[in-house]
Every structure is written in structure tokens, then in C-alpha cells.
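One structure is given below, encoded as C-alpha cells.
The values are calculated or read from the model by the stated rules, or taken from the named source; none is laboratory data. Because the structure is predicted, anything quoted here is derived from the model rather than measured. Here the Cβ positions follow ideal geometry from the backbone for every residue, glycine too, while neighbour counts run over all protein chains shown. For accessibility, only protein heavy atoms count, side chains too; no ligands or nucleic acids. Shrake-Rupley method; radii C 1.70, N 1.55, O 1.52, S 1.80 Å.
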Amino acid sequence: MYAKKETILRTIILFISTINGVLLIIGKNPIPWSEEEIYSMLSAVIQIAVTAWSWWKNNSFTQNAVEADEYLHTLNNTAAD
């Protein structure tokens, strides 16, 4: 695949928003949901994304974990040189 995922996603969103704009111009209501429903849905999507991102990242809270992260960082920098 030649295009990045982000490029494809932006193109799809642009296409959907263009169709939405054209339908609004001709007097159609392209999105059958209320603003409150859209807000609730977007809030849920953002919450899920933030939860997944926080879970995926390495969250070191203890002193031993922080020191292990620093040691790993040192090893990675030494290997790169």
C-alpha cells in the first residue's frame, strides 16, 4: 500500500464532509441524529481512544520501574550508536 493510514482516513473524512455539505445545500438532513446524540457518541469515542492510548503506553509509577525505563533507554541509545 502506498498511502499512509492517516492519508486514507483524512480522505474518507473529507469525502464524507463534502457529501454532507452538498446535501445540506440542497435542503436534505444528511445526519439523522440530534446534536446531543452526536456529542454523546463523540465523547464515548474520545474516552475509548484515550483509555486505549493510556493503557498502551508504558506507565511507570514505582521507583524500580522508572529506573528500568532509564536503563532500557540507555541500552537503546547505546545500540543505536
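Looking across region 23-40, the residues that are open to solvent by 70 Å² or more (accessible area, probe 1.4 Å) and either aliphatic (A, V, I, L, M) or in contact with a Phe, Trp or Tyr (Cβ under 9 Å, 6 or more places away or on another chain) (or both) come down to Leu24, Ile25, Ile26. Taking the listed residues Asn59, Asn20, Asn64, the one that is assigned to a helix (DSSP H, G or I) and loosely packed, with under 10 Cβ neighbours inside 10 Å is Asn64, with no other qualifying.
Looking at region 41-55, can you tell me whether even one residue there is part of a helix (DSSP H, G or I), among the hydroxyl-bearing types (Ser, Thr, Tyr), open to solvent by 80 Å² or more (accessible area, probe 1.4 Å) and farther than 30 Å from His73 by Cβ? There is no residue in region 41-55 that is part of a helix (DSSP H, G or I), among the hydroxyl-bearing types (Ser, Thr, Tyr), open to solvent by 80 Å² or more (accessible area, probe 1.4 Å) and farther than 30 Å from His73 by Cβ.
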